[in-house]
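Chemist: One structure coming up, written as structure tokens, with questions to follow.
The values are calculated or read from the model by the stated rules, or taken from the named source; none is laboratory data. Every value quoted in this text rests on a predicted model; they were computed, and no experiment measured them. Ideal geometry is used to build each Cβ from the backbone, glycine not excepted, and the neighbour counts take in all protein chains shown. The protein model used for the area step is the full one, side chains on, heavy atoms only, and it has no ligands, DNA or RNA in it. Shrake-Rupley method; radii C 1.70, N 1.55, O 1.52, S 1.80 Å.
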Amino acid sequence: MTSIAIVGAGPQMGLAIARAFGSQGFDIALISRNREKLEGLVGELAADGITAAAFPADVLDRDALTQALKDAAARFGGIDVLEYSPVGSFGAIKLTAPAETEPSHVEFEMNFQLYGAITATKAVLPAMRETGAGTLLYTTGAGSIWPDPRVANVNAAAAALRNWAMNLHKELDGTGIQAAHVGIDSSIGVSVIPGVEAAKPEQIAPLYWELHTTKRDEAELVFRLDAEGVPRA
């Protein structure tokens, strides 16, 4: 049996990715802070005939994140795919323009995005190296590629994660392990930043399956909506 661990699982992208892989027979390990919300997602997936389990952990707590992934591997006999996409609350995170950014504004985002991703990777990569197979996928907004000064502190950390993920892709070339970055150039579900169009999670989720299956030589896929609102990568 194959499994995917989704770090930052929620009712939008996390659930859509879970369904994309679960429909192909994958078991789903859901990781985020809120156990109650995770259990709700487990129930939704069960209704679709997909096996899933909740492993609560805060990505800012590196020991807890590592343990959650170890528990998931024990439950499902290993982790074949890691997907890392935690999203902070816009009400809780201070968004800063470049000149207003303090080191502390970026420090939080680095812990949340880059350091959490590194922690999660170190928890699953050794087993993937042993088997010579696996997939590591990291998600950011497209500000990691095309910066938006309205969210400069978030963009800085996202760009760091993108750079690290693409370097990891190069390092793992020839090992049987795929590492790739997914850049999402849209809001998800509803528009939260003026001028940034919203896409349905189900429109974006196929990119993750493609990177795991048919596009394993790609270091990055970017999701965008064209002028007519049609998705393109």
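Chemist: How far is helix 152-171 tilted, in degrees, relative to the longest principal axis of the Cα atoms in the chain, given as a value from 0 to 90 rounded to the nearest 10?
Modeler: With both axes taken from Cα atoms, the answer is about 40 degrees.
Chemist: Counting Lys +1, Arg +1, Asp -1, Glu -1, what net charge surrounds PRO98 among other residues with beta carbon under 13 Å of its beta carbon? Walk me through the intermediate numbers first.
Modeler: Working: positive: ARG150; negative: GLU100, GLU102, ASP148.
Neighbour charge sum, excluding PRO98 itself: -2.
Chemist: Here is a further query. Based on the mean of other Cβ atoms within 10 Å per residue, sort peptides 35-45, 57-67 so the most packed one is first. Write down the numbers at each step before the final one.
Modeler: Details: 35-45: 15.7, 57-67: 17.4.
Ranked by mean Cβ neighbours within 10 Å, highest first: 57-67, 35-45.
Chemist: Please compute the modelled spin-label separation between ASP217 and ALA99, points set 7 Å along Cα→Cβ, answer in nm with one decimal.
Modeler: The two pseudo-label positions are separated by 4.7 nm.
Chemist: Per residue, how many Å² of accessible area does the chain show with a 1.4 Å probe?
Modeler: On the way: 10990 Å² over 233 residues.
Spelled out: the 1.4 Å probe surface of the chain, per residue, equals 47 Å².
Chemist: Residue separation times 0.36 nm, minus the C-alpha to C-alpha distance between LEU60 and ALA127: what's the value?
Modeler: Full-extension gain reported as 21.8 nm.
Chemist: Measure off 7 Å from each Cα along the Cα-to-Cβ vector at ASP71 and ALA47, then give the distance between these two points in nanometres to one decimal.
Modeler: Output for this residue pair reads 2.5 nm.
Chemist: Related question: How large is the convex hull of the C-alpha atoms of the range 12-87 per residue, in Å³? Don't skip to the end; give the middle numbers.
Modeler: Details: hull volume 6.2 nm³, N = 76.
Taking only Cα atoms, the range 12-87 has a hull volume of 81 Å³ per residue.
Chemist: Mind grabbing the accessible area of HIS212 for me, 1.4 Å probe, Å², rounded to tens?
Modeler: Surface accessible to solvent at HIS212 totals approximately 40 Å².
Chemist: Straight-line reach only, C-alpha to C-alpha below 17 angstrom: list the aspartates and glutamates that LYS94 could link to, leaving out same-chain residues fewer than 8 apart.
Modeler: Output for LYS94: GLU102, GLU107, GLU109, ASP148.
Chemist: Using only Cα atoms, find the angle between the long axis of helix 62-76 and the longest principal axis of the chain, and express it within 0 to 90 degrees, rounded to the nearest 10.
Modeler: 40
Chemist: I've got another one for you. What percentage of the solvent-accessible surface of the range 2-88, computed with a 1.4 Å probe over protein heavy atoms, is contributed by carbon and sulfur atoms?
Modeler: Values: 1620 of 3620 Å².
The value for the range 2-88 is 45 percent carbon and sulfur by accessible area.
Chemist: I've got another one for you. Using Stokes-Einstein with the Kirkwood hydrodynamic radius over Cα pairs, what translational diffusion coefficient do you get for the chain at 25 °C and a viscosity of 0.890 mPa s, in µm²/s rounded to a whole number? Walk me through the numbers on the way to the answer.
Modeler: Numbers: Rh = 17.7 Å.
In µm²/s, the coefficient is 139.
Chemist: With point charges of +1 on the Cβ of Lys and Arg and -1 on the Cβ of Asp and Glu, referenced to the Cα centre of the range 45-181, which listed residue (VAL59, HIS169, LEU95) lies farthest in the positive direction of the dipole?
Modeler: It is HIS169.
Chemist: Same structure, new question: Using only the Cα atoms of the range 117-185, what are the Rg and Dmax in Å?
Modeler: Cα radius of gyration and Dmax of the range 117-185 are 13.2, 43 Å respectively.
Chemist: Still on this structure, please answer the following. Each label point is 7 Å from the Cα along the Cα-to-Cβ direction; what then is the distance between the points at LYS170 and ASN34, in nm?
Modeler: The modelled label-to-label distance comes out at 4.0 nm.
Chemist: How tilted is helix 35-47 with respect to the longest principal axis of the chain? Cα atoms for both, answer in degrees (0 to 90, nearest 10).
Modeler: The two axes meet at around 60 degrees.
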